[in-house]
Amino acid sequence: MRFILPYIPLFIAVIPFQAKSGTVQSTDTISGYDLEEFVVSKRKPGTFGLSGPETGFQLNRTELFRAACCNLGESFTTNPSVDVDYADPATGAKQIKLLGLSGSYVQMMTENLPAFRGAAMPYAFRYVPGPWMKSIRVSKGSSTVKNGYEAITGQIDIEYLKPQDEKAFNLNAYIDSELRVELNADANFHLTPHLNTEILAHAEDRFLNHDGNHDGFTDMPDIRQINLQNRWNYFGERYIFHGGISALAEESRAGQTGKHAPENPFLINLDTHRYEGYMKHAFILNRERNTNIALAGNMTMHELDAYYGTKLYYVNEKSAYAQLMFESDLTEKHNLSVGASLNYDYLGQRVKSDPLPGDPRRINERETTPGAYLQYTFKLDRSLTAMAGIRADHSSVYGWFVTPRFNLRYSPWQPLTLKASAGKGYRTVHPWAEYNYLMASGRELLTEQLEQEEAWNYGLSAELSLPLGAQTLGISAEYFHTDFRQQAVVDYDSRPGILSISNLSGKSRSDVWQVSVDFKSSFGLDATAAWRLNDVKTTYGGKYMEKALTSRYKVLLTLSYKTPLELWQFDATFVVNGGGRMPAPYRLDDGEMSWGERFSAFPSLNIQATRWFRHFSIYAGGENLTNFRHKNPVVNASDPWSPKFDPTVVWGPVSGAMAYIGIRFNL
């Protein structure tokens, strides 16, 4: 409790402000009787498809509460479309995968503002506590051009709890069998009828240095984090304001541990400080036609000080983004949105990537990118929606580039919806910032001057919704193709002693097919069954090969049941991750091979039970109950100073079955 205890007053301090008797929402009088509150509610689905022309889905808190959902990276366990890479035991770095490709090709946003870029990318999914989120919107493939040019495989937009939401204080406490402890709190205050504010607080720590396979290395890093955010909102007749600030401090400790650790242990230490501020101004010109002018922007400072044995990486990243846009419904059928944006990134870096004596290299990167866009949407009743957009941007590093995108939705009859999309995306790569976790490997990490990544994405989908009495059966099928014209390729294969990040020389593409069936009942049972096939190939050292460490397929089955009075909820998720190719193996000093040529399919089972009370709920569950573990994820653990040491080639869970329990208070 050494890390969390000093901050408990921050969580408790807001309680008295929320417990006042004057917070009754409304009263009415009927025949002389006072009725304090009468609520008619309908059970909302936890996941639902996007109604517009974009292909994708939205998760709300009903879905997020089906699992422990401690952070954003753990929010997709019940979803067939998004995968979360298993964290390596050295840094705990996780990335999501969408359409078979890593999360670097997904544009991350918080409430329609670009976020978690550059140095934050490898660890971003633990920077967003699960209890803070109101919803997660995922669009696949080509998406709107309003938010920039970076989305190649899609966008993930996080909506936090709002200051203007119903007044409440929420507290979430969690502990698991690996002694990971979390505390989360949020409270909002309605200061005036138009002005509201909100405080969000999070603290976590892990008190057990777990080494389940007894190789002398921790299975997961000891992560200690404090995360605070203050948000403001003002609603006027013609003017709306949103703004806020946040601060994060995190320590991550991993490496050789325990009583058998050598006198000179191999340690991995990461210290992170992150500060953000954002604001949004909207001026309502005509409510009937949804005509408005908006100005939005954010600023971020992200500092990481990382040590991997004798290697080091330091970055002080400063980013700023601003957007001015005008939007209006010209008629009931025609909508126009135009805007301009400016993005600025500066990364001041120091790198020492080899164990030899010497001073770190200085690598500074700077890019300024102004741009403008135009997007037109046509709606014909409920049957047809077409959205076409184009933007032009000028990078101070790469010059001019143009991003076209198109999305179409057609519903020939009410139960059937067809969608198609096509579009382009670009991305600037900061190799040391985004891949510094690879420095934990004993291999030498080499980078070259990288070009801007560029890819086309095409998608087709069909969704059929069939009413079965009071129940609903949904069937959907999707296909997405991503074709890279330029890409930063991480090459494990060409040279055994070297990891290289270089420009694509050859072909690189991804083809993903997915079929899912959803059953939603009127008696509390929901079920989803899905199957997905990934065919992802890239050119490595002149050889066109299957992308390493990518599962060939995924099978998912989820069940959720609420009792008639919704006092109990039971959830189960069973997943089979298909096998895939391993990077080219090499021979260790003892004559053994570092790993096999392929990894095999493996199952995973998560369950959770929740008991709901009036002002709190208790939840308990287990993860990876099949107890499947990636054996020996740290290669050559007995000699971490060797060039054959590698803890970064991870394809499965590194720890076994885990149990947890938590409590949520809602006042």
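The values are calculated or read from the model by the stated rules, or taken from the named source; none is laboratory data. It should be emphasised that the depicted structure is a prediction, and the values quoted were computed from it without experimental measurement. Glycine gets a Cβ as well: all are built from the backbone with ideal geometry, and neighbour counts include every protein chain shown.
Conditions (1) among the polar types (S, T, N, Q); (2) out of contact with any helix residue (DSSP H, G or I) (no Cβ under 9 Å at 6 or more places or on another chain); (3) closer than 24 Å to Ser476 by Cα, marked per residue:
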{"site": "Asp511", "(1), (2), (3)": "no, yes, yes"}
{"site": "Ser516", "(1), (2), (3)": "yes, yes, yes"}
{"site": "Gly524", "(1), (2), (3)": "no, yes, yes"}
{"site": "Leu559", "(1), (2), (3)": "no, yes, yes"}
{"site": "Gln569", "(1), (2), (3)": "yes, yes, no"}
{"site": "Ala572", "(1), (2), (3)": "no, yes, yes"}
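Residues that are among the hydroxyl-bearing types (Ser, Thr, Tyr) and surrounded by 19 or more Cβ atoms within 10 Å (Cβ to Cβ) were ranked within region 202-256; the one that is farthest from Glu178 (Cα to Cα) is Ser246. Condition check for Ala455 on (1) modelled with pLDDT of 95 or more; (2) out of contact with any strand residue (DSSP E or B) (no Cβ under 9 Å at 6 or more places or on another chain): one failure, at (2). Checking Gly591, Gly622 one by one, the residue that is out of contact with any helix residue (DSSP H, G or I) (no Cβ under 9 Å at 6 or more places or on another chain) and either part of a strand (DSSP E or B) or surrounded by 16 or more Cβ atoms within 10 Å (Cβ to Cβ) (or both) is Gly622 and no other. For region 421-443, the candidate set comprises residues that are of a type in the set (D, E, K, R) and touching a Pro at 6+ places or on another chain (Cβ under 7 Å); within that set, the residue that is modelled with the lowest pLDDT is Arg443. Restricting region 372-420 to residues that are of a type in the set (Gly, Ala, Ser) and within 26 Å of the chain's Cα centre (by Cα), the residue that is surrounded by the fewest Cβ atoms within 10 Å (Cβ to Cβ) is Ala420.
Taking the criterion of being of a type in the set (A, V, I, L, M) and either closer than 30 Å to Thr377 by Cα or not in a strand (DSSP E or B) (or both), the residues of region 297-331 that qualify are Ala320, Ala322, Leu324, Met325, Leu330. Screening Tyr160 against (1) farther than 19 Å from Thr558 by Cβ; (2) at pLDDT below 95; (3) touching a strand residue (DSSP E or B) at 6+ places or on another chain (Cβ under 8 Å) leaves a single unmet condition, (2). Within the span defined as region 407-420, every residue fails to be modelled with pLDDT of 95 or more, within 30 Å of Glu303 (Cα to Cα) and not hydrophobic (A, V, I, L, M, F, W, C). Kindly indicate whether any position in region 542-552 is touching a Leu at 6+ places or on another chain (Cβ under 7 Å) and under 27 Å from Pro221 (Cβ atoms). Looking through region 542-552, none of the residues is touching a Leu at 6+ places or on another chain (Cβ under 7 Å) and under 27 Å from Pro221 (Cβ atoms).
For every residue, the table says whether it meets (1) in contact (Cβ under 8 Å) with a residue 12 or more places away in the chain; (2) farther than 23 Å from Ser522 by Cα; (3) assigned to a strand (DSSP E or B).
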{"site": "Ser551", "(1), (2), (3)": "yes, yes, no"}
{"site": "Leu559", "(1), (2), (3)": "yes, no, yes"}
{"site": "Thr573", "(1), (2), (3)": "yes, no, yes"}
{"site": "Ala609", "(1), (2), (3)": "yes, no, yes"}
{"site": "Ile618", "(1), (2), (3)": "yes, yes, yes"}
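Return yes when Asp639 is charged (D, E, K, R) and crowded, with 18+ Cβ neighbours inside 10 Å and no when it is not. Spelling it out, it is not the case that Asp639 is charged (D, E, K, R) and crowded, with 18+ Cβ neighbours inside 10 Å. When you check Ala584 against the structure, is it closer than 22 Å to Gly652 by Cα and in contact (Cβ under 8 Å) with a residue 60 or more places away in the chain, yes or no? Against the criterion (closer than 22 Å to Gly652 by Cα and in contact (Cβ under 8 Å) with a residue 60 or more places away in the chain), Ala584 qualifies. Of the strands (runs of 3 or more DSSP E) lying entirely inside region 344-460, those carrying at least 3 residues that are hydrophobic (A, V, I, L, M, F, W, C) are 361-380, 384-395, 399-413, 416-427. Summed over region 49-100, the residues that are more than 26 Å from Glu251 (Cα to Cα), among the β-branched types (Val, Ile, Thr) and in a loop (DSSP other than H, G, I, E, B) give a count of 1. Annotation: of all residues in region 65-88 being hydrophobic (A, V, I, L, M, F, W, C) and touching a Ser or Thr at 6+ places or on another chain (Cβ under 6 Å), the one that is surrounded by the fewest Cβ atoms within 10 Å (Cβ to Cβ) is Ala67. Of the strands (runs of 3 or more DSSP E) lying entirely inside region 465-542, those carrying at least 2 residues that are touching a Phe, Trp or Tyr at 6+ places or on another chain (Cβ under 7 Å), closer than 30 Å to Asn407 by Cα and modelled with pLDDT of 95 or more are 471-486, 508-520, 525-540. Just one of the numbered conditions (1) assigned to a strand (DSSP E or B); (2) more than 30 Å from Phe378 (Cβ to Cβ) is not true of Ile284: (2).
Is it fair to say Arg391 is closer than 24 Å to Ala322 by Cα and among the basic types (Lys, Arg)?
Details: closer than 24 Å to Ala322 by Cα: yes; among the basic types (Lys, Arg): yes.
Yes, satisfied.
In the condition set (1) exposed (fewer than 15 other Cβ atoms within 10 Å of the Cβ); (2) closer than 24 Å to Ala151 by Cβ, Pro355 is compliant with all but (2).
Could you check region 158-232 for strands (runs of 3 or more DSSP E) lying wholly inside it with 1 or more residues that are in contact with a His (Cβ under 8 Å, 6 or more places away or on another chain) and over 27 Å from Thr648 (Cα atoms)? I'd like the intermediate steps shown before the answer.
Values: elements: 169-176, 180-190, 195-206.
Of the strands (runs of 3 or more DSSP E) lying wholly inside region 158-232, those with at least 1 residues that are in contact with a His (Cβ under 8 Å, 6 or more places away or on another chain) and over 27 Å from Thr648 (Cα atoms) span 180-190, 195-206.
Being surrounded by fewer than 19 Cβ atoms within 10 Å (Cβ to Cβ), touching a Gly at 6+ places or on another chain (Cβ under 6 Å) and either not in a strand (DSSP E or B) or not small (Gly, Ala, Ser) (or both) is a property that holds for Met279.
Filtering region 293-334 down to residues that are of a type in the set (S, T, N, Q) and modelled with pLDDT of 95 or more, which residue is farthest from the chain's Cα centre (by Cα)?
Filtering region 293-334 for residues of a type in the set (S, T, N, Q) gives 298, 300, 310, 316, 319, 323, 328, 331.
Okay, now just the ones that are also modelled with pLDDT of 95 or more, so 298, 300, 316, 319, 323, 328.
On the way: Asn298: 19, Thr300: 18, Asn316: 22, Ser319: 19, Gln323: 23, Ser328: 31 Å.
Checking each candidate, the answer is Ser328.
Scanning region 575-588 for residues that are in a loop (DSSP other than H, G, I, E, B) and more than 22 Å from Ala527 (Cα to Cα) gives Gly579, Met582, Pro583, Ala584, Pro585, Tyr586, Leu588. Leu191 meets the conditions (1) within 28 Å of Leu438 (Cβ to Cβ); (2) free of Cβ contacts under 8 Å to residues at least 24 places away in the same chain in every case but one. The failed one is (1).
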